[in-house]
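Worksheet for the structure shown next.
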Amino acid sequence: MNTEDFQFFIRVADLGSISKAAQDTNISVSVASQKLQRLEQNLQLRLFHRTTRKLTLTDEGRALLEHGRHWIADFIHLQESLKLKDRPLTGTLRLTTSATFGTKILMSVITEFALLHPELKIHLDLNDQNIDLIQQGMDLAIRIGQLKSSSLIAKRLSTNPRLLCASPAYLQQYGVPKTLSNLKLHRCILQQHGHGLTDQWHLINAEGQVEQIHVEGYFATNSGEGVRQAALAGLGISNHSIWHVAEDLASGRLVPVLPDYPVETTAIYAVFPHRELIAPKVQRFLDYLVDYFQQREQ
C-alpha cells in the first residue's frame, strides 16, 4: 500500500472534498482521484460514496480513518526515526524526576547518555512533586508508584520493590511491631505529595492479599530524602523504595520492619505527553532507559 495515498485519503476525509484536498497538496484533481482509486483497489474496499454534490465516507472508510490515522502517523515516525538513528542528536532534552531518584539512580544513566551524544543539551528538573509536563515544556518524566489517570502516555520501565524500615534506636525505644495491627500504634514518617499525605500504606497480609493500613504520622515532609533522614534519626518507621535505603540496610543504620508483610510492589514509569511523533532525542533516550532497567533486572 502506498502511504502517500493513505495520507491523501485522510486529508480528503478531513476536508470533505477531493478538490480541496488536491488544492491543499498542490496536485490536480485528476491525480487526486487516481490516488483514491488506487488505494481502494489495493484495499479492495470502497472508501467514499461519491455524488456530483457530496462526498461521504462508507462504513469501511470511517473504520479505516479511525484506526488508520494513528497507524500511519506511527509508521511515518518510525520511518523517520530509522533514517535519523545514525545522525547526531541535537537540541535540548528536558527531563523531570524526583530529587532522590534523580540523584541516586538516574544521574548515572543521563551522564552515560550525554557522553554518547555530546551535541545534545540536557535539562534535568529534580522535583519530588509531579509537575505538569505540558505546561513546563518537559519531554519526559520518570515517575514511581501508582499513576493517576491522565492523557499522558506511560511506559513501564521496571518493578519497584518497597519495604518498611526504622533505625535500631527507634525500635529499641518503641518496640518492634509484630503484626499489621501493631503498625497502627507506631510513629510513622509520611511523605506529602501534591495529591495529599501518604498515610495509607498498602501491605501484603498473611493471606497474600493487599491490605490498606492507616498509619499515624509524627513527622511529614514533601521530600523522599527527608523521609530517609528522619528514619535514620530515629523519628519513626518509614516506607521506602529499596534502592533508596539499600546502603543503610547493608550497614545496619536501618533495619527491616514487618518483613513477613511486604509492602505492595510499585513500578517505575517513563511518562511523556504524546504517543505520536515522538522526537528522536526522546525516543533514543527512552530506548536507552529501557535497556538500562532490563539489565538491572537480570
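The values are calculated or read from the model by the stated rules, or taken from the named source; none is laboratory data. The shown structure was predicted, so the numbers you read here are calculated from the model rather than taken from an experiment. Glycine also receives a Cβ, built like all others from the backbone with ideal geometry; neighbour counts cover every protein chain displayed. Each accessible area value is taken on the protein alone, full model and side chains, heavy atoms only, with ligands, DNA and RNA left out. Shrake-Rupley method; radii C 1.70, N 1.55, O 1.52, S 1.80 Å.
How large are Rg and Dmax for the range 173-227 when calculated on the C-alpha trace, in angstrom?
Over the range 173-227's Cα set, Rg and Dmax evaluate to 12.3, 33 Å.
Among 197, 236, 170, flag the residue with its Cα farthest along the positive direction of the charge dipole of the chain, charges on Cβ as +1 for Lys/Arg and -1 for Asp/Glu.
Most positive-ward Cα: 197.
Tally Lys and Arg at +1 and Asp and Glu at -1 over the other residues with C-beta under 14 Å from the C-beta of residue 101: what net charge comes out?
Values: positive: 104, 143, 162, 228, 296; negative: 125, 128, 225.
Taking every Cβ under 14 Å from that of residue 101, the sum is +2.
Among [x] 20.3; [y] 20.9; [z] 23.2, only one was calculated for this model; which label is it, if the read-out is Kirkwood radius over Cα pairs in Å?
[z]
If you take every residue apart from residue 204 with its C-beta less than 14 Å away from the C-beta of residue 204, what net charge results, scoring Lys and Arg +1 and Asp and Glu -1?
-3
Can you pull the one-decimal nm distance between simple spin-label points at residue 233 and residue 25, each 7 Å off the Cα toward Cβ?
6.6 nm
Given an 8 Å cut-off on Cα distances and at least 6 residues of separation, report the relative contact order of the range 153-298 as a percent. If you can, show how the numbers build up before the last one.
Working: 249 pairs, mean separation 59.3, N = 146.
Contact order relative to length: 41 percent.
What does the helix-only formula give at 222 nm for the chain: each DSSP H stretch with n ≥ 4 adding -39500 (n - 2.57), the total divided by the residues, and the result rounded to the nearest 500 deg cm²/dmol?
Taken over the chain, the calculation gives -12500 deg cm²/dmol.
Can you give me the relative contact order of the range 176-218 as a percent, contacts being Cα pairs under 8 Å and 6 or more apart?
Value for the range 176-218: 43 percent.
What angle do you read, to the nearest 10 degrees and between 0 and 90, between the alpha-carbon axis of helix 59-84 and the longest principal axis of the chain?
70 degrees
Of all the accessible heavy-atom surface of the range 155-239, with the other protein chains kept in place and a 1.4 Å probe, what percent is carbon and sulfur? Present the calculation step by step, with values, prior to reporting the outcome.
Details: 2060 of 4320 Å².
So the carbon and sulfur contribution to the accessible surface is 48 percent.
Within the chain, how many lysine pairs that are 8 or more places apart, or on different chains, have C-alpha atoms less than 23 Å apart?
Lysine pairs meeting the criterion: 12.
Place a +1 charge on the Cβ of each Lys and Arg in the chain and a -1 charge on the Cβ of each Asp and Glu, then give the dipole magnitude about the Cα centre in debye, rounded to the nearest 20. Walk me through the numbers on the way to the answer.
On the way: 30 positive and 30 negative charges, 145 e Å.
Dipole magnitude for the chain comes out near 700 debye.
So for the chain, averaging the separation of alpha carbon pairs under 8 Å that are six or more residues apart and normalising by length, what relative contact order in percent results?
Relative contact order for the chain comes out at 21 percent.
Would you please give the FRET efficiency between residue 52 and residue 134, computed as 1/(1 + (r/R0)^6) with r the Cβ-Cβ distance and R0 = 41 Å, to the nearest 0.05?
0.35
Testing the spin-label approximation: label points 7 Å from Cα along Cα→Cβ at residue 69 and residue 211. State their distance in nm.
Distance between label points: 5.0 nm.
Helix 29-43 versus the longest principal axis of the chain: what angle, 0 to 90°, nearest 10, using Cα atoms?
Helix 29-43 and the main axis of the chain meet at about 60 degrees.
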